[in-house]
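The values are calculated or read from the model by the stated rules, or taken from the named source; none is laboratory data. These figures come from a predicted structure and were not determined experimentally. Every residue, glycine among them, receives a Cβ derived from its backbone with ideal geometry; neighbour counts consider all protein chains shown. Heads up: the accessible areas ignore ligands, DNA and RNA and are worked out on the full protein's heavy atoms, side chains in. Shrake-Rupley method; radii C 1.70, N 1.55, O 1.52, S 1.80 Å.
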Amino acid sequence: MKNLGILGLLLVLVFSACRQGVNEVIVQQEIPLPGIENYVPDTEMINGSLVGFITDENEEPVADATVRFNGQTLTTDAYGYFSVENKAMNALGALVQVEKEGYFKGSRRFFPKADATSQIKIQLLPKTFDASFSSADGGTVRTTDGAAIDFAPASIKTADGSAYTGTVHVATQWMNPALNQTLNQMPGNLQGVNTEVETVALATYGMIAVELEGDNGEALNIADGQTATLTMPVPTSMLANAPATIPLWSFHETLGLWIEESSATL
């Protein structure tokens, strides 16, 4: 699992694939990303409108959230709403990004229609740095949902790439694939780019958001050449279809798509 909390950006790892997925999983290896930097999404520009609703984990509206869409910056009103009227949008995938202090970043990739109004809902998850470990010793961070992240000793770096020494503070949120609300919480949508640089549809067996911070609030990251091991529970209702191994995906914030990165084992 690389690029955990890269430069303070949210990284979400999804155990999902068009070839089915699995949880209580452990990352075993890393797969190179051949040519992903050369991936260019298809475009079909149309004019459309958008109405969005931003809530917190309790379904309460989130006011004054910053919304970015197609180069525009908007702010949600007291009811958590924002709107875009008659603007150019990509019918083959348009991305909305949302930020609010105290929450993990949210986003949604949707498919607008010409001369129509699209509606989206994004549920922001609270970002609380309530776990920690020594960077020198490494450690295991566990969530109340049964997920865990194992960090190796001396495996953390600062934003400029130098080794970090001190306490690593960790914020996590596991998203249960058996719950409908996960579709509102997850970033992007269930589309990804595989190692063959093909766009594919995904099915998820679980996602987790993780962010790392230093003693002074500085953004931290997994060091080059290092990995962390991630384990997540499989909902009982999904165990019967869980295969022995699946691809592991991480979220690419700029593209708004999941990128095949590694593999996971039941």
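Sorting Phe53, Phe111, Phe82 by solvent-accessible area of protein heavy atoms yields Phe111, Phe53, Phe82, largest first, with a 1.4 Å probe.
Set the Förster distance to 30 Å, then compute FRET efficiency between Tyr79 and Leu239 from the Cβ-Cβ distance, nearest 0.05.
0.15
In whole percent, and with a 1.4 Å probe on the protein chains, what portion of the accessible area of the chain is carbon and sulfur? If you can, show how the numbers build up before the last one.
Numbers: 5630 of 12090 Å².
Ligands and nucleic acids excluded, carbon and sulfur reach 47 percent.
Sorted by average packing, counted as other Cβ atoms within 10 angstrom per residue and highest first, what order do 42-51, 85-94 take?
On the way: 42-51: 15.1, 85-94: 16.9.
Going by the mean number of other Cβ atoms within 10 Å, highest first, we get 85-94, 42-51.
A straight chain from Asn86 to Ala219 at 0.36 nm per residue would run longer than the Cα-Cα distance by 44.1 nm.
Counting only Cα atoms, the range 74-215 measures 57, 41, 34 Å along its principal axes, largest extent leading.
Put Tyr39, Tyr81 in order of accessible area, highest first, and with a 1.4 Å probe you get Tyr81, Tyr39. What the range 201-266 shows is 36 Å² of accessible area per residue, with the surface traced by a 1.4 Å probe over protein heavy atoms. Under 16 Å Cα-Cα from Lys100, which lysines qualify once same-chain neighbours fewer than 8 residues away are excluded? Output for Lys100: Lys121, Lys127. Extension gain for Asp160-Asp42 works out to 39.1 nm (0.36 nm per residue, less the C-alpha to C-alpha distance). Based on Cα contacts under 8 Å between residues 6+ apart, the range 61-171 shows a relative contact order of 18 percent. Within the same chain, lysines fewer than 8 places from Lys87 are excluded, and of the rest, those with a Cα less than 16 Å from its Cα are Lys113. Shown here are the Rg and Dmax of the Cα trace of the range 149-266, at 15.8, 45 Å.
Please state the relative contact order of the chain as a whole percent: Cα pairs under 8 Å, 6+ residues apart?
Numbers: 724 pairs, mean separation 85.1, N = 266.
It rounds to 32 percent for the chain.
In square angstrom, what is the accessible area per residue of the range 47-128 with a 1.4 angstrom probe? Let's see the in-between values first.
Working: 3970 Å² over 82 residues.
In whole numbers, the range 47-128 has 48 Å² accessible per residue.
Three principal axis extents of the chain based on alpha-carbon atoms, in descending order, are 56, 40, 38 Å. When only Cα pairs below 8 angstrom with a gap of at least 6 residues are kept, the range 100-145 shows a relative contact order of 37 percent.
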